[in-house]
Structure formats: C-alpha cells, structure tokens
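The values are calculated or read from the model by the stated rules, or taken from the named source; none is laboratory data. Not measured: the values here are computed from a predicted model. Ideal geometry is used to build each Cβ from the backbone, glycine not excepted, and the neighbour counts take in all protein chains shown.
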Amino acid sequence: MDVADIIIKFVLVVIIFSISLLIALYSTYAERKVAAFFQDRLGPNRAGPFGIFQPFADGGKMFLKEEIIPANASAFLFIAGPSLSIFTACIGSAVIPWGQKLTIGTHVIDLQVADINVGVLYILGVVSLGVYGVMIGGWASNNKYSLLGAIRAASQNISYEISMGLSIIALLMVTGTLSLREIAEQQHGFWANGWFTWNFFRQPLGFLLFIVCAFAETNRTPFDLPECETELIGGYHTEYSSMKLGFYLFSEYINMFISGAVMSTLYFGGYNFPFMDLIHSPNLVAIIGVAALFAKIFFFIFFFMWVRWTIPRFRYDQLMDLGWKALIPLAIANIVITGIVITFLNR
Amino acid sequence: MESLSNKRKVLVSKPLNFWERIYLPAIVQGLSITMKHFFRKPVTIQYPEQQREYSENFRGLHSLKRDEDGKERCTACGLCALSCPAEAITMIAAERQKGEEHLYREEKYAAVYEINMLRCIFCGLCEEACPKEAIYLDGPHVTSDYLRKDFIYGKDKLVEAPLNQ
C-alpha cells in the first residue's frame, strides 16, 4: 500500500463521511416534506426555493440554542451519550461497498473503505453499540422520562437484534460469505441461471424480518417507543438541547441511511442493476452502479418515512410479543427451511 | 330493556383470521391509502400571499363611514356604545365649528371614538343600532400586537380613507 492508496482511502473516507452528513441533513428536510405530502400539506417552502435551505436554518437554530446540562446530571456521561450515538452511526458506513472498482490510469480505486471479510459481523457490532449512546444519554439525564426511554430503547434494541442476527444467518447460508463485497458481487446483474440474482428473491422472509428489525433498531415508527412524544415527552433526549439534541436526531437519520445501504447491499443487489452487462465500459458501470445503490438507499429512506405516516406506534407489550413470539420463531423457521432447500438443491 | 330509540346493533367479535393476525395485508392496504394522499393536491392556503375568501356576512374590523361628500357620518349619539354588550366602545362628542362643514355631516361629531378590540366580540349590534349608517364591520381581521394598549383602536384606524385620496 503506497502513499497514493492511502490518500485515495482518506479522500474516500472524507467523501463518504460528508455524504452521510449531507444525506442526514437533507433527510430532516425530506422527512418534513414527505410528511406534509402524506397529509395533503405543502411542508416547509419559505427558506429558499421549495424550502431547500430549511435544513441550514434548522441547523443554525440548533447551534444558537442555549446549551443546558441539568444540575443533577452526570456532565461527562451527558456529553458522552450523543457523541457516542453519532460516532457509532458514522462508522457503520466503513464496510459498505459503494460501487465496483474504478480504474483511473494505473490506479484501481476500490469504492469501499475497508473490505474486511467479516463485514456483516462488523455491521451487527456497530448496530449493537448504537444502543449505548441512547442508554448513557438517558441515564445521565437524571430524569425519569429519559430513563424510561433509555430502558425501552435498550430492551427493544436487544430483543430485535436477536431476530436481526437470525435473519442474517439464513442469508449467510445462501451466500456462504460474511464479506459485504462478495455478497454484492454474487448478486451481479439481475437475472442469471433461470432465477433472480438478488438475494431478496432467495430470502423474501429473511428480508421481511430484517426490515422489521431495521425499523426497530433505528427507533423509527411503528417502533419509536424510546422517544415517543405522546408518552415520554421526548424519551431519552428529553433533557437535551442545542447541538447535543441535534446529534441524537442526526444519528437517527444517519442510521436510516446506513440501514438503507445495508438492506440494499444484502438483499437488493447493492450497486448491481439490471442489464449491467450490456455496458462495456467498466468505469461507466461503476458510476451507474453507485447511482443505482443510492437510488435504492433513497427508496428505503422514503419507505421509512412512508411507513411512519401509515402505521401507528405499537404498544410496549405488543412490541415485545412481536419480537419474541413472532419474529424469532419465524427467523429460526427461516433458517431451517433455508437449510432444507440448500440441501435439496445441492443433492 | 328496550332502548328509547329502538335502534340496536348486534356486535360480533370474531377472532382474527390468519391474514388479519399477521398484519401485513392491512399494512400494505394502509400504505396504499397514504400513497394516494401523497399525490393528492395539497389543501394548504399560503396565508399572506393567498387569502381565503370571507363569507359575505363576515363581521370583521369596524370602519367609520363617510358620506358621498366625504364627510364623517358619525354624530356621536352613543347608541353604538349603548348597544355594545361587551362595552368596547367609548366616545367623546364635540360640536362642529364654523369652517368644519366639509368634515362632519351633522353639528355634532365624535372627537374621540375608540373601540377596544380585545373586548369586542364582533356581534354587529353597533352596526344595527347606528341610525346614521356610520359604522360597519366590513374590514379584515384585527391583526395581532404586543401590547394591550395597541388594541384600543382610535379614529386614526377606524375612519374610512377620505374620498379624494
């Protein structure tokens, strides 16, 4: 690995980092706009044409708000909570393959920060770390609503991580690898050998379980119990103000972006798109692939918002029922069925 | 016991069938309903620029009218103040001097005419009571303000603009 490679990696990290922040920034705008359209309204349209400068106005407001640390709060943990939350949200993007390798001159640019062979495990690890930010923040606030929100978040995330892991195991039995790059490469094109190449068509039940768990892990409606305004004021971020609140909200949107990217990579072919073999320039294929991946991610972000304005929040016992009595048995059944089908097909 | 209206509805609570219990068909149905709304025309009226039309008998801000020569019609008889159930109107009468004939129609006029817009209930009784057709509630909304004293509207805000302007 020479200096040029290190510089390329560094540039890639900066680009991906700023893209995630930009998308998080504009997700807040998209959320308000999409919410408005679903409710027959117009949404923010005053700041700039169609309100496109609204996120900057919101961000400026966040920065200028008074920063309050409650008197009885543990100051160190109170600051550590949102920092950890946004940190874990940002590092998830490191293993996602954003596109095929670009060739410029003699350099081959790998559009993936780290092609580690346990990429799926890394994602699961980062996801389970995410709950610490919420827990620490809720606990450090020294407020019963925050604590209740944090407890809810912790139990919810831990419950749904199990079925998420189990649904991925069935996928791994099909793909036979933990590397996200290899999983994406296996889904090349759209149609091969008489069946779809995308994993969604091999693991529809697994995808359904995964997307439900993704909703729970990102604390989105219908599983937004950790921060439900109607019951817990603001949940774990009740006591937060200024940019520390902004970090929590931001990390939620980055998590949506990352989970959209993970779902696209694992189940919807990642950067692959139909008829990609008809294009002969590898660089063009790579660039269109990146666009295809982002189109899929944007669809998933839209889907997250779409569901938010469709399904009401689950009651807490219903949430636990769904997680433990429905999703986990289904995920185990999915593993068994997948195993039987693989054995049958290989014989 | 029979109910008085004789209406009755037999309620049956069937256990949910398999498709109802897994929620998914209902969720898909819900998603399609919200998607229909996504492409529906927004109903928003973008206030300052667009304004909803008032109905013809809308009672808004009062205006003190002038006659066809541009003279103030009000003679400070006090019937509006008397009829006002909220006691929002006060006035001080004055006698018309020589040379003011082009300003006031009768010999007596209101030197001070104040309506407290925080008290006014926009019932329109002043309008009905006025024998001179001098006050009408034909204006727009009363705008918001910061201080209570700014809601006491005097003649500067109430009297119609002169004709020649």
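Is it the case that B:I121 is out of contact with any strand residue (DSSP E or B) (no Cβ under 6 Å at 6 or more places or on another chain) and either at pLDDT below 90 or within 14 Å of another protein chain (Cβ to nearest Cβ) (or both)?
no
Please go through (1) within 14 Å of chain A (Cβ to nearest Cβ); (2) over 21 Å from B:H141 (Cα atoms) for B:C74 and return the number of the only condition it doesn't satisfy.
Unmet condition: (1).
If I filter segment A:94-111 for residues that are within 16 Å of A:F247 (Cβ to Cβ) and surrounded by 21 or more Cβ atoms within 10 Å (Cβ to Cβ), do I get at least one hit?
No, that holds for no residue.
When you scan segment B:12-22, how many residues do you find that are out of contact with any helix residue (DSSP H, G or I) (no Cβ under 9 Å at 6 or more places or on another chain) and facing chain A (nearest Cβ under 9 Å)?
0
What number of residues within segment B:13-40 satisfy the criterion of being among the charged types (D, E, K, R), assigned to a loop (DSSP other than H, G, I, E, B) and surrounded by 10 or more Cβ atoms within 10 Å (Cβ to Cβ)?
Of the residues in segment B:13-40, 1 are among the charged types (D, E, K, R), assigned to a loop (DSSP other than H, G, I, E, B) and surrounded by 10 or more Cβ atoms within 10 Å (Cβ to Cβ).
Name the single residue, out of those in segment A:194-249 being part of a helix (DSSP H, G or I) and small (G, A, S), that is surrounded by the fewest Cβ atoms within 10 Å (Cβ to Cβ).
Ranking the qualifying residues of segment A:194-249, first place goes to A:S242.
Would a scan of segment A:260-272 turn up a residue that is hydroxyl-bearing (S, T, Y) and in a loop (DSSP other than H, G, I, E, B)?
Yes, there is a match, as at least one residue in segment A:260-272 is hydroxyl-bearing (S, T, Y) and in a loop (DSSP other than H, G, I, E, B).
So B:V43 passes all but one of these: (1) within 14 Å of chain A (Cβ to nearest Cβ); (2) among the hydrophobic types (A, V, I, L, M, F, W, C); (3) surrounded by 10 or more Cβ atoms within 10 Å (Cβ to Cβ); (4) outside any helix (DSSP H, G or I). Which condition number does it fail?
Only one criterion in (1) within 14 Å of chain A (Cβ to nearest Cβ); (2) among the hydrophobic types (A, V, I, L, M, F, W, C); (3) surrounded by 10 or more Cβ atoms within 10 Å (Cβ to Cβ); (4) outside any helix (DSSP H, G or I) is unmet by B:V43, namely (3).
Being acidic (D, E) and out of contact with any Gly (no Cβ under 8 Å at 6 or more places or on another chain) narrows it down to one of B:E114, B:E127, so name that one.
Sole residue among the options that is acidic (D, E) and out of contact with any Gly (no Cβ under 8 Å at 6 or more places or on another chain): B:E127.
Given the options B:L4, B:L31, name the one that is without any contact (Cβ under 8 Å) to a residue 12 or more places away in the chain and either among the polar types (S, T, N, Q) or away from chain A (no Cβ under 14 Å) (or both).
B:L4
Output yes when any residue across segment A:275-297 is without any contact (Cβ under 8 Å) to a residue 40 or more places away in the chain, over 26 Å from A:V108 (Cβ atoms) and not in a helix (DSSP H, G or I), and no when none is.
Within segment A:275-297, not a single residue is without any contact (Cβ under 8 Å) to a residue 40 or more places away in the chain, over 26 Å from A:V108 (Cβ atoms) and not in a helix (DSSP H, G or I).
Kindly provide the set of residues from segment A:2-21 that are exposed (fewer than 13 other Cβ atoms within 10 Å of the Cβ) and either in contact with a Phe, Trp or Tyr (Cβ under 6 Å, 6 or more places away or on another chain) or more than 12 Å from A:S93 (Cα to Cα) (or both), ordered by number.
A:D2, A:V3, A:A4, A:I6, A:I7, A:F10, A:V11, listed by residue number.
Which residue, of A:I168, A:I136, is over 19 Å from the mean Cα position of the chain (by Cα) and either surrounded by 24 or more Cβ atoms within 10 Å (Cβ to Cβ) or among the β-branched types (V, I, T) (or both)?
Being over 19 Å from the mean Cα position of the chain (by Cα) and either surrounded by 24 or more Cβ atoms within 10 Å (Cβ to Cβ) or among the β-branched types (V, I, T) (or both) holds for just one of A:I168, A:I136, which is A:I136.
Would you be able to tell me the number of residues in segment A:309-327 that are assigned to a helix (DSSP H, G or I), closer than 17 Å to B:L24 by Cα and away from chain B (no Cβ under 11 Å)?
Summing the residues that are assigned to a helix (DSSP H, G or I), closer than 17 Å to B:L24 by Cα and away from chain B (no Cβ under 11 Å) in segment A:309-327 gives 5.
Which residues, counting only those in segment A:255-278, are surrounded by fewer than 23 Cβ atoms within 10 Å (Cβ to Cβ) and within 19 Å of A:F294 (Cβ to Cβ)?
A:M263, A:F268, A:F273, A:P274, A:F275, A:M276
Report yes if A:V127 is closer than 22 Å to A:K296 by Cβ, crowded, with 17+ Cβ neighbours inside 10 Å, in contact with an Asp or Glu (Cβ under 7 Å, 6 or more places away or on another chain) and not acidic (D, E), otherwise no.
Answer is yes for this residue.
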